[in-house]
Amino acid sequence: MRDQVRVVVQGGGRRGRGAGLARVLWAAAELTVTVGVVVLLLVVHQVWWTNRQAAAAAREEVQELESQWAEAEAEAEAPVSGDGDLEGGGVVAESPGVPSGGSRTAGGVPREAPARAVGGDAYAVLRVPRLGLVVPVAQGIDKRGVLDKGYAGHYPGTAAPGAPGNFALAGHRNTHGEPFRYVNRLRAGDELIVDVRGQRFVYVVGKTLAQTTERDTGVIAPVPRSLVKPDAGYGEPGAYITLTTCTPEYSSRYRLVVWGTLKSRLPTRSVSGGG
């Protein structure tokens, strides 16, 4: 019998291990790319798409409010028959600017927010001419129910628009419509206009606080003054407005504050075009 010759091939196991490692690295790279794409899509959705959705819905809400107010004013101005009923069998409209359940001061200014302004329902419109901003205002500062809808949220317990005290609002600076993104650009003398049904309140920016903590409740007090920086704010009672938002951008670490004082109040009928 011929001698059998054995050929030993060395290094095959090493190449096999190398190929296995290459497959693992390739799979890890694919996973990393996939995760990166998913994260990018989430960022685009959060930063861009939610902005578009919320901003569009907020514009629609403003239009709906203004339409309701116009209809209410038309009903209030309709001729009244001798028996006290509106011609055509309609119901007598409520007093302009004060929905059912609301109350007035002796001067005709509501003491508190309208009773229906709960659960994220918008009841007013904030206009900031310098920024080209028009945004609905709803009672409460709940993120999902109010702020994430692109609205400005009215801090519970603070004054109603135009009333003595502090009408305090919160709004997103980034994402979800970001209505307060550029409030840092406001300067003393800029107007902040608040429309409710039948009335317009014009505030004028007086002071700003570039940065304070989220727990600085003094900035929304009836007489607004920072508890963190006591030299920032006011010292006498009045009719104030406060805008608060997060700062720096894309962070919720601190709060940016803008304060204003009431300049005038007038019926919306005398405002041509609604402002």
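The values are calculated or read from the model by the stated rules, or taken from the named source; none is laboratory data. From a predicted model like this one, the values you see are computed outputs, not experimental measurements. Here the Cβ is made from the backbone with ideal geometry for all residues, glycine too, and neighbour counts use every protein chain on show.
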(request) For the stretch 171-198, enumerate the residues that are part of a strand (DSSP E or B) and buried (at least 23 other Cβ atoms within 10 Å of the Cβ). (result) 192, 194, 195, 196
(request) Filter the stretch 127-158 down to residues that are in contact (Cβ under 8 Å) with a residue 60 or more places away in the chain, surrounded by fewer than 23 Cβ atoms within 10 Å (Cβ to Cβ) and either in a loop (DSSP other than H, G, I, E, B) or hydroxyl-bearing (Ser, Thr, Tyr) (or both), then give me how many there are. (result) 2
(request) Only residues that are part of a strand (DSSP E or B), in contact with a Ser or Thr (Cβ under 7 Å, 6 or more places away or on another chain) and not small (Gly, Ala, Ser): list them for the stretch 228-242, please. (result) 240
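Here is a yes/no grid of residues against (1) of a type outside the set (Val, Ile, Thr); (2) at pLDDT 95 or above; (3) closer than 15 Å to residue 165 by Cβ:
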{"site": "228", "(1), (2), (3)": "no, yes, no"}
{"site": "239", "(1), (2), (3)": "yes, yes, yes"}
{"site": "244", "(1), (2), (3)": "no, yes, no"}
{"site": "251", "(1), (2), (3)": "yes, no, no"}
{"site": "254", "(1), (2), (3)": "yes, yes, no"}
{"site": "258", "(1), (2), (3)": "no, yes, no"}
{"site": "262", "(1), (2), (3)": "yes, yes, yes"}
